[in-house]
Every structure is written in C-alpha cells, then in structure tokens.
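Computed from the coordinates by the stated procedures, all read-outs in this text should not be read as laboratory data. Computed from a prediction, not measured in an experiment: that's the story for all the values here. Quick reminder, even Gly has a Cβ in these numbers, built from the backbone with ideal geometry, and neighbours come from all protein chains shown.
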Amino acid sequence: MTNNRLTKNIISGLLFAVLLTPQLSISAPVLPPLNKENTNAQLTGKFIWFDLATSEFEKQKAFYTAVFGWKFRPIGNADDDYTLIVNGDHNVAGMFAVKPKEGTAVGALWIALMSTADPAKAMKTAEQGGGVVHAPTITLAQRGTYALLRDPEGALFGVMKSDSGDPPDKAAEIGDFLWMDLFANQPEKAGEFYQQLAGYEITKDEVKDNVDRLLLTSHGKPRAGIVPLPNDANRSGWLPYIKVADVNETLKKVTDAGGMVMVEPNEDLLDGNLAIFSDPQGGVLGIVKWDEPSTDEK
C-alpha cells in the first residue's frame, strides 16, 4: 500500500476524533491504578497508557481477540462500560464507547497517554507552543490526572500523571504496545513542540533512503519517532505499534477478522518486520516483530 493510502486512513481516524465529546473521561468509573504497587517513578515522555474510543464495542472485542488474543474486563455492569484490555496477565489498554454526532459515520481511534509530572502545566506548555486543549484536566481516583491535547498540526494525544507512578521500563511481551510514531507534515517543528512539552532529547535516524525519522528520547530510552507525511497530507496523527511474533501471520488474522492491511511488509522497513492495519471500524495500529537487543548490544 502507498503512503497516501496510509495518510488518508490516519486522517479518517482523526476526523472521527474531532466528533468525540471533549469530556471523554468524566463518565468513566473508578479505575485500578496503573501499577499494583507504587513504583514512585516519573518517566516524563514515556507513553504509559492507551485507550480505544469506538462506536462498535462488541465488534472491536471480537476483532482484537482474534488478532492478538487480548481479553476484556469491564469496569461496571453494562456491556459498554469502560473496559480494560488484558494481554496475558497484565492490563495494556482500555476501551470506551462513544457516539458520533448524528449523521456521521461510525469509527474508532486509538489515543495514547504520555507521562507528565504536571498535566496542568503540560496544557499551558502545549497552548504556548501552538497546540490546543481538547479536554482539560480531570482526576480519577486511584488512576491519576488526565488531559487530552492536540499538537499544532492537530494530532490528538493525552498526558497523564499516574497516582501509582509510571510502569518501569522493561522488554515488551508479544501483544504489548511497543512503539509510537507521529506522522507529521513538519517533523522538525513537531519535534520542537514535543521537546518543550516533555523535555525529549531529539536525534535523527534514517529509516530508509532519504527519509529521516526523529527519535524522541527521555530518561535514556527512545520513546517515539516522528516521520514525515506525504506532501498532500493535511493532518498528522500518532500511531501505536504492537509487538508480534510474526507480521504476516498477524496480517492474515487481521483480514480474516474483517480488518484491512494498509501498509504491507516492505524489506526497506525493518527488513519486512513492520506493517500497518486498520480494524473494521477504522482504528489504526502498527505491528512490529522486534527482538530486544542483548545485554552486549545495549
């Protein structure tokens, strides 16, 4: 698939996000803390939680169970109450139901939450850098304080101060979230915005011939990348990636379950160990086969 196809699908997901009510978290019940025991860690710039906003709750459960083997644990009694997404024995994300405005299409969007020590300060910093507050801070007992923001190009993301500290850095398991990329029209300016927001160290990394990616590093760990969109793109977006054991086998599960492959494996990108798909409602995820470097390689 072409980059233009990817661009159009990312934009579709972001247009769905515009239709979401700004008060996304207010109706959520009391959520469990991110960590069973307080880590007392503050890893500003690390993406520590992910939420799937969707208008088709049960269909999404069936799809992601088929693709990743995820399980779902609702927090409440109703079928569409806020639901924890479980990989193996640990929570990796959440899912909540939304209703698009009348006359608009159904859809889905993955929203990533970045660690911050002070969400209120992060809102001010984002606005000073040309971003927009999509939903102001709200505190949920046990879980922490959130805010939803848009960067200057419109990419939606969240910031969060966890009440139980940030999850420690460790190797991702199969089915865990592994990486984040921001597709941006102006990567350099986007890098400046996020550097001000989270204090990232920024370096360049060539992903393929004549295409550079900006690497965002905090606390000694790469946290995300920023890659360029094609020239005809008009809106950027964050894309999470899931770690898988086999990219092609996972893509077969995607299509068998009703999803769509947007970017096929390509030898120019991680030797064919990367692909991008959308779920049946338009939620976009990347998948990566990734072997953690050995101790000697670090």
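Applying the Karplus relation 6.51 cos²θ - 1.76 cosθ + 1.60 with θ = phi - 60° to segment 189-206 yields 3J(HN,Hα) values of 5, 4, x, 4, 4, 6, 5, 5, 6, 10, x, 4, 8, 10, 10, 9, 9, 7 Hz, where x marks Gly and Pro. Within the shell defined by Cβ-Cβ distances under 13 Å, the residues around LEU149 carry a net charge of 0, with Lys and Arg each +1 and Asp and Glu each -1.
Over segment 43-103, the alpha carbon radius of gyration divided by the compact-protein estimate 2.2 N^0.38 Å works out to 1.21. By the rule of a C-alpha distance below 21 Å, with chain neighbours fewer than 8 residues away ignored, the lysines paired with LYS204 are LYS46, LYS189, LYS221, LYS298. Indicate the gyration tensor shape class of segment 170-288 (rounded, prolate or oblate), computed on the Cα atoms with a ≥ b ≥ c the square roots of the eigenvalues: a/c under 1.5 is rounded; otherwise a/b larger than b/c is prolate and the rest oblate. Prolate is the answer for segment 170-288, as a/c is 1.5 or above and a/b outweighs b/c. By the count of other C-beta atoms within 10 Å, a proxy for reagent exposure, HIS134, HIS90, HIS219 are ordered fewest to most as HIS90, HIS219, HIS134.
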